[in-house]
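The values are calculated or read from the model by the stated rules, or taken from the named source; none is laboratory data. None of these values were measured; they are calculated from a predicted model. Cβ sites come from the backbone with ideal geometry, for glycine too, and all protein chains shown count toward neighbours. Calculation scope for accessible area: heavy atoms of the full protein, side chains included, ligands and nucleic acids excluded. Shrake-Rupley method; radii C 1.70, N 1.55, O 1.52, S 1.80 Å.
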Amino acid sequence: MKKILMLSAFALAGLAAAQDTTTPAPTETSPATTETAPMTDPAMTTDAAPEMTTMMTPADAFARAQEYAVQADVAYPVPFYDRTLWKAAVDASYVAASQDTSNRAYDAYLAQLYTKTQWWINAYNAWNNLGELNDTEKEWASLSAAKLAYIALQRGDRTTARAYVEKGMSWKDSASLQAIMSRL
């Protein structure tokens, strides 16, 4: 609990500092009176996602992904991949999963982040590639299938919508999947 509160406090402090995104115009000063701007965490800025270094271990990338996700939950009311901290969380999770393909936890967390950030096709594919899912993962996977089925149905592709509904129902049946199936 203490660790979560500290991360939340860190995120809020960083977000408050990141609110001022204006850059003052450079002025000519003598070298003796030049002031430097304080270093800030790149994750807290709104213009660029933090860099993932190739020297980062999968465990470090996974830990960083979790930290960014906690910060993103605090910073944004709705999770989308195009938000800086969500993108950083997904990207760090991707680094961990791709560097250590034998660690199922990394792949499952990446699939969860894809689902949470509403990147439905990546979520669906990630859940599908995991194989056997636990009950919570089945709910997430079923949600991604339902969203893709709805999108396919909206564009008139009933065959694809049916395939997504059937796969989603194989993971976990839901009212939304049943409603989509009734329209097919």
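Listed by position, the helices (runs of 4 or more DSSP H) contained in segment 68-145 that have at least 2 residues being under 18 Å from Pro58 (Cα atoms) and of a type in the set (S, T, N, Q) are 84-99.
Quick one: which of Lys138, Lys147 is open to solvent by 80 Å² or more (accessible area, probe 1.4 Å) and in contact with a Phe, Trp or Tyr (Cβ under 7 Å, 6 or more places away or on another chain)?
Sole residue among the options that is open to solvent by 80 Å² or more (accessible area, probe 1.4 Å) and in contact with a Phe, Trp or Tyr (Cβ under 7 Å, 6 or more places away or on another chain): Lys147.
For segment 68-122, the set of residues classified as farther than 25 Å from Ala146 by Cα and of a type in the set (S, T, N, Q) consists of Gln71, Thr84, Ser98, Gln99, Thr101, Ser102, Asn103, listed by residue number.
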